[in-house]
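Have a look at the structure below, then the notes.
The values are calculated or read from the model by the stated rules, or taken from the named source; none is laboratory data. For clarity, every value in this text was computed on a predicted model and none was experimentally measured. Note that we place each Cβ from the backbone using ideal geometry, even for glycine, and neighbour counts take in every protein chain shown.
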Amino acid sequence: MNAFWLPAFTLWWREIIRFYRDRSRVIGSLAPPVLFWVMIGFGLGGSFQSPGASKVGYLRFLFSGTAVLIVLFTAIFSTISIIEDRREGFMQSVLVAPVSRGAIVLGKILGGSSVALLQGLIFVLLAPVAGIPIGVVQGVALVGVMFGIAFALTGLGFLIAWRMQSTQGFHGIMNLFLMPMWLLSGSLFPLSGAASWLKWIMVVNPLTYGVSAFQRVLLGDAYPAQVASLPLCLAVIILFGLAMFVLSWTAALRRKRTDAV
């Protein structure tokens, strides 16, 4: 048992230490979404009309989407360390060690998920600025939802980064996923106000269920569910996260021979 969990814990702790020592990374992944929330939220707040949510202003509506955006950026781009570790030779040292590939995948994904969760929690502390009170039970639920989203997105980033050879290529590929995935998740505009063909894309987008779950926990009954009930949204996020972990583990196993040489 220790042969699996000890390497996973070590890689997880290494990601935490790297994040703590890189202060510019904290500011770089947190400041742009906060500025986006302030400028867009206050700029469109007076003209925003959300069907079925007259009690929710746009600043409060966008708060959930901005929190998810921070988690998304941090989770995805934390997996750049996979490419950097391979270039520096660290990953090759880990791969030739008698360590389970599953432990490597779990450690890296948990590390990125924890960092993304920390970033998201820092932003959630601004909830009172948007007029959103957060109780203890509500806060615990938000932590669970954010971690589920972070784990799934970090798994997606791992799956892509594992096959990439350069950070430039990784950025290019991820930009094809990041903004469309977030824009069509109900973060910037509600599903009820979208065109019919966009609604279908939003329904099959797994991040939509994460945003909807976040909104339900944060805003309660003041904002109706966008795609499904809270339990179903949580189930989709959990399944998405497990799928990304299994696919990442499979990808790591497939490259076992080539990475060891």
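Among the residues here, Val145 qualifies as within 14 Å of the chain's Cα centre (by Cα) and either closer than 30 Å to Tyr58 by Cα or part of a helix (DSSP H, G or I) (or both). Where helices (runs of 4 or more DSSP H) fall entirely within the range 41-123, those with at least 1 residues that are modelled with pLDDT of 85 or more and among the polar types (S, T, N, Q) are at 58-78. Selection of first residues in the range 112-135 that are under 16 Å from Tyr20 (Cβ atoms) and of a type in the set (Ser, Thr, Tyr) and of second residues that are modelled with pLDDT under 90 and surrounded by fewer than 17 Cβ atoms within 10 Å (Cβ to Cβ), restricted to Cβ pairs under 7 Å at least 6 apart or on distinct chains, gives the following pairs, ordered by first then second residue: Ser114/Ile16. If you check Leu232, Leu198, Leu188 for being in contact with a helix residue (DSSP H, G or I) (Cβ under 9 Å, 6 or more places away or on another chain), hydrophobic (A, V, I, L, M, F, W, C) and buried (at least 16 other Cβ atoms within 10 Å of the Cβ), only one passes: Leu188. Here Leu159 fulfils each of the conditions (1) at pLDDT 85 or above; (2) surrounded by fewer than 20 Cβ atoms within 10 Å (Cβ to Cβ) apart from (2). Return yes when Trp13 is under 20 Å from Phe147 (Cβ atoms) and either part of a helix (DSSP H, G or I) or at pLDDT 75 or above (or both) and no when it is not. Yes. When Leu142, Leu176 are checked against the criterion of being surrounded by 15 or more Cβ atoms within 10 Å (Cβ to Cβ) and either in contact (Cβ under 8 Å) with a residue 12 or more places away in the chain or not β-branched (Val, Ile, Thr) (or both), Leu142 stands alone in meeting it.
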